[in-house]
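To keep things clear, I will list the structure first and then write my remarks on it.
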Amino acid sequence: MYIDGKGADWTALSARHEDAGDGDNLRLEQLWVAHTERRLFLRLAVASPINLEENNDLTLYLDADNDPTTGTSALGLGAEVEWTFGARRGELADGTDLEHEDVGLASLPTVREDTFEIAFSRSALSKQGLSVAPGDSLRIALASDGDRLPDDDGGLGYVLSDTDASVDAPSLARPSGADLRLMSYNVPNNFDRSRNRLFNTDRQQSYRRILQAVAPDVLALQEMYDNTADDVEQELEGPIDGVPKSWNWAKTGGELVLGSAYPIRDTTTIQGAQGQPSGGYLLDTRDALGDRLVVVVMHPKCCGGTSEDRSRQATVDGVVAFLRDLRRGEAPFTVPDETPIVVMGDMNFVGDPQQPRTLRTGQIINTDEFGDPAAPDWNGSPLLDTNPQQIGSPLHTTTFSIGSSFPPGRLDYAYVTDSVLDVVHEFLLSTPSLSADQRTEYGLDVDDTTVASDHLPVVIDISQ
């Protein structure tokens, strides 16, 4: 099982329970359950789209010892764990508060949908004193305002059998068929934007190890608010020594810096929401791809709420309009037909699913400002959402919000014009998920990605 927000790997597994859903508000319809040696997985379908992480009272009750006489009495269970998704909190039967780190929770998607994939770490549950060893049985129930699953008391029984299921995960190695490796990385600032982590001496060795292990040809950085391209160049080719000294650097879009092993022939600021422009870069990658490459780097506005949704939509609309104009020969720089395009960055897609839909399909919403919709690929098709997976883990989550109530989610994306590009390999680098042998092979420390950022590096290998 994988937490990728797509659900294709669940198709061969029958739903553990099906219910027509009879609540007045949030109606629960189907539940699937699965497990591996490391995780307990749930897949939940509801009648109408919701944001799983906000504005709902959906609560999971987990009876870890299959004993209704122990734990908190609820829905005919003796629940050792309660987790309320919309409140992003839980508690043990003894009243101990739980954060998402305490149970190893991850879920996707982060936008409003009617089906969600959820994972809990079995080792994290064990640390809370719960029995989730092979052969143990447990019971599961869910409830929302006016509905429950199942309808009868007692929940759904599930046995944690022995399993030899392994994670089919990507590797850090660059495949022989890859012509170019691109990496997108949100390198966060302090909240007052006074200091970027890249320039923090306590973190520099982690960045050096990450960059030397990944060895990208193109590096797209977000949140370089008060640092110039020259600042970044001097840091990455000096104290951090993470990229070769022959690289080219450019900054546009207010905070977006691109480094490239290949010449940067032109740049443009792509207007979108006020204060949230994107950056367009034209690279001469003919020595690698046999063609030029357009890279668009984005960082739409963070967080939930109506104003943030409107801002993100405007930023996305602006990028789609730029791609439309590029294909028509009307953009600030011109390129031949079928020039490859990559769009990447920290998209902050939460809440409204229209934003990722617009970026993929070209469905502009603010047509009065940005013009007509247009499919963004050269052949009139949507962009390919690469959706990388973590090395050594079934998770496709790109953030890990330590100290935040929000569990790991997918905020960072990479899209390509797959009519003219092949994505031969992609991955997210999370050093805690790597085996000790993998970290040794690539010279990484276990906490490198945790120290460096609250986002993971997004890496794609492309060819033409």
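Name every residue in the range 180-211 that is of a type in the set (D, E, K, R), at pLDDT 90 or above and part of a loop (DSSP other than H, G, I, E, B), in order of residue number.
Correct list: Asp202, Arg203.
With part of a loop (DSSP other than H, G, I, E, B), at pLDDT below 95, open to solvent by 10 Å² or more (accessible area, probe 1.4 Å) and within 22 Å of Arg439 (Cβ to Cβ) as the only criterion, which of Ala169, Ala173, Ala165 stands out? Break it down into steps so the answer makes sense when it comes.
Values: Ala173 fails: at pLDDT below 95; Ala165 fails: within 22 Å of Arg439 (Cβ to Cβ).
Exactly one of Ala169, Ala173, Ala165 is part of a loop (DSSP other than H, G, I, E, B), at pLDDT below 95, open to solvent by 10 Å² or more (accessible area, probe 1.4 Å) and within 22 Å of Arg439 (Cβ to Cβ), namely Ala169.
Suppose the filter is under 20 Å from Asp422 (Cα atoms), assigned to a helix (DSSP H, G or I) and of a type in the set (Asp, Glu); does Asp309 pass it? Steps first, answer last, please.
Details: under 20 Å from Asp422 (Cα atoms): no; assigned to a helix (DSSP H, G or I): yes; of a type in the set (Asp, Glu): yes.
Here the answer is no, as Asp309 does not meet what is asked.
Can you confirm whether Val295 is in contact with a helix residue (DSSP H, G or I) (Cβ under 7 Å, 6 or more places away or on another chain), open to solvent by less than 20 Å² (accessible area, probe 1.4 Å) and part of a strand (DSSP E or B)?
It is false that Val295 is in contact with a helix residue (DSSP H, G or I) (Cβ under 7 Å, 6 or more places away or on another chain), open to solvent by less than 20 Å² (accessible area, probe 1.4 Å) and part of a strand (DSSP E or B).
Residue by residue through the range 385-397, note down the ones that are touching a Leu at 6+ places or on another chain (Cβ under 8 Å) and closer than 30 Å to Leu326 by Cα.
Within the range 385-397, just Pro388 meets the criteria.
What's the number of the only condition in (1) under 13 Å from the mean Cα position of the chain (by Cα); (2) buried (at least 24 other Cβ atoms within 10 Å of the Cβ) that Asp454 fails to meet?
Only one criterion in (1) under 13 Å from the mean Cα position of the chain (by Cα); (2) buried (at least 24 other Cβ atoms within 10 Å of the Cβ) is unmet by Asp454, namely (2).
(1) open to solvent by 20 Å² or more (accessible area, probe 1.4 Å); (2) not in a loop (DSSP other than H, G, I, E, B): which one isn't true of Lys6, the others all being true?
Condition (2) is where Lys6 drops out.
Residues in the range 272-289 that are open to solvent by 10 Å² or more (accessible area, probe 1.4 Å) and either over 26 Å from the mean Cα position of the chain (by Cα) or of a type outside the set (Gly, Ala, Ser) (or both): how many?
Number satisfying all stated conditions: 9.
Does at least one position in the range 31-41 carry a residue that is open to solvent by 30 Å² or more (accessible area, probe 1.4 Å) and either within 22 Å of the chain's Cα centre (by Cα) or at pLDDT 95 or above (or both)? Break it down stepwise before answering.
Within the range 31-41, the subset open to solvent by 30 Å² or more (accessible area, probe 1.4 Å) is 37-39.
Now narrow it down to the ones that are either within 22 Å of the chain's Cα centre (by Cα) or at pLDDT 95 or above (or both): 38-39.
Looking for residues that are open to solvent by 30 Å² or more (accessible area, probe 1.4 Å) and either within 22 Å of the chain's Cα centre (by Cα) or at pLDDT 95 or above (or both), one finds at least one in the range 31-41, hence yes.
Just the residues that are open to solvent by 10 Å² or more (accessible area, probe 1.4 Å), outside any strand (DSSP E or B), hydrophobic (A, V, I, L, M, F, W, C) and more than 20 Å from Tyr207 (Cα to Cα), please, taken from the range 411-443.
Leu411, Val420
Among Ala45, Ala34, Ala8, which is within 24 Å of Thr398 (Cα to Cα) and without any contact (Cβ under 8 Å) to a residue 12 or more places away in the chain?
Numbers: Ala45 fails: without any contact (Cβ under 8 Å) to a residue 12 or more places away in the chain; Ala34 fails: without any contact (Cβ under 8 Å) to a residue 12 or more places away in the chain.
Only one candidate passes the filter, namely Ala8.
If I filter the range 330-345 for residues that are out of contact with any Asp or Glu (no Cβ under 8 Å at 6 or more places or on another chain), open to solvent by 40 Å² or more (accessible area, probe 1.4 Å), β-branched (Val, Ile, Thr) and over 25 Å from Phe427 (Cα atoms), do I get at least one hit?
yes
Six or more apart or on different chains, Cβ under 7 Å: which pairs go from a residue in the range 82-94 that's more than 16 Å from Phe116 (Cα to Cα) to one that's open to solvent by less than 50 Å² (accessible area, probe 1.4 Å) and assigned to a loop (DSSP other than H, G, I, E, B)? Could you list them?
Partner pairs satisfying both residue conditions: Arg89/Ser405; Leu92/Glu80; Ala93/Gly71; Ala93/Glu80.
Taking the criterion of being open to solvent by 10 Å² or more (accessible area, probe 1.4 Å), basic (Lys, Arg) and in a strand (DSSP E or B), would at least one residue in the range 261-271 satisfy it?
Looking for residues that are open to solvent by 10 Å² or more (accessible area, probe 1.4 Å), basic (Lys, Arg) and in a strand (DSSP E or B), one finds at least one in the range 261-271, hence yes.
Conditions tested, residue by residue: (1) out of contact with any strand residue (DSSP E or B) (no Cβ under 6 Å at 6 or more places or on another chain); (2) in contact (Cβ under 8 Å) with a residue 24 or more places away in the chain; (3) over 21 Å from Ser107 (Cα atoms); (4) part of a loop (DSSP other than H, G, I, E, B).
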residue: Cys302; (1), (2), (3), (4): yes, yes, no, yes
residue: Leu323; (1), (2), (3), (4): yes, yes, yes, no
residue: Pro332; (1), (2), (3), (4): no, yes, yes, yes
residue: Pro336; (1), (2), (3), (4): yes, yes, yes, yes
residue: Val343; (1), (2), (3), (4): no, yes, yes, no
residue: Ile365; (1), (2), (3), (4): yes, yes, yes, yes
residue: Asp377; (1), (2), (3), (4): yes, yes, yes, yes
residue: Ser381; (1), (2), (3), (4): yes, yes, yes, yes
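Of these, Phe400, Phe427, Phe370, which one is at pLDDT below 95 and aromatic (Phe, Trp, Tyr)? Spell out the reasoning first.
On the way: Phe427 fails: at pLDDT below 95; Phe370 fails: at pLDDT below 95.
Within the list Phe400, Phe427, Phe370, the selection yields Phe400.
The values are calculated or read from the model by the stated rules, or taken from the named source; none is laboratory data. None of the values given here were measured: they were computed from a predicted structure. Note that we place each Cβ from the backbone using ideal geometry, even for glycine, and neighbour counts take in every protein chain shown. What goes into the accessible areas is simple: the full protein's heavy atoms, side chains included, and nothing from ligands, DNA or RNA. Shrake-Rupley method; radii C 1.70, N 1.55, O 1.52, S 1.80 Å.
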